[in-house]
Amino acid sequence: MLRAVLVDDDLGSLEAMSELIERDGFSVARAASLAEARAHLEQAVPDVLLTDLVLPDGSGIELI
């Protein structure tokens, strides 16, 4: 199964994007901060990473 990591501090956007991507057959890991995203990325490299650029603890560019 394909794996996606979604990062957004807007929980409504995070949930909506997750639902769309799950419909396309991805397993989705959700994160609301860089710290949470890094924890997911340490477990496995995702096939897709979608991130907000402005997060409470830094920039999404740091993940990319």
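What do you reckon, is Ala44 at pLDDT below 95 and open to solvent by less than 60 Å² (accessible area, probe 1.4 Å)? Against the criterion (at pLDDT below 95 and open to solvent by less than 60 Å² (accessible area, probe 1.4 Å)), Ala44 qualifies.
Look at segment 3-22: where a residue is closer than 19 Å to Ile64 by Cα and a partner is open to solvent by 50 Å² or more (accessible area, probe 1.4 Å) and part of a helix (DSSP H, G or I), sitting 6+ places away or on another chain with Cβ atoms under 6 Å, you get Leu6/Met17.
Name the residue that is modelled with the lowest pLDDT, counting only residues in segment 54-64 that are under 12 Å from the mean Cα position of the chain (by Cα) and surrounded by 13 or more Cβ atoms within 10 Å (Cβ to Cβ).
Taking segment 54-64 and keeping what is under 12 Å from the mean Cα position of the chain (by Cα), we get 55, 60, 63-64.
Keeping just the survivors that are surrounded by 13 or more Cβ atoms within 10 Å (Cβ to Cβ) gives 55, 60, 63.
Details: Leu55: 95, Gly60: 94, Leu63: 90.
This residue is Leu63.
Answer yes if at least one residue in segment 25-39 is more than 11 Å from the chain's Cα centre (by Cα) and among the acidic types (Asp, Glu), and no otherwise. Within segment 25-39, none of the residues are more than 11 Å from the chain's Cα centre (by Cα) and among the acidic types (Asp, Glu).
The values are calculated or read from the model by the stated rules, or taken from the named source; none is laboratory data. This is a predicted model, so every value here is computed, not measured. Cβ coordinates were reconstructed from backbone atoms using ideal geometry, including for glycine residues, and neighbour counts include every protein chain displayed. To get the accessible areas, we keep the full protein, side chains included, count just its heavy atoms, and leave off ligands, DNA and RNA. Shrake-Rupley method; radii C 1.70, N 1.55, O 1.52, S 1.80 Å.
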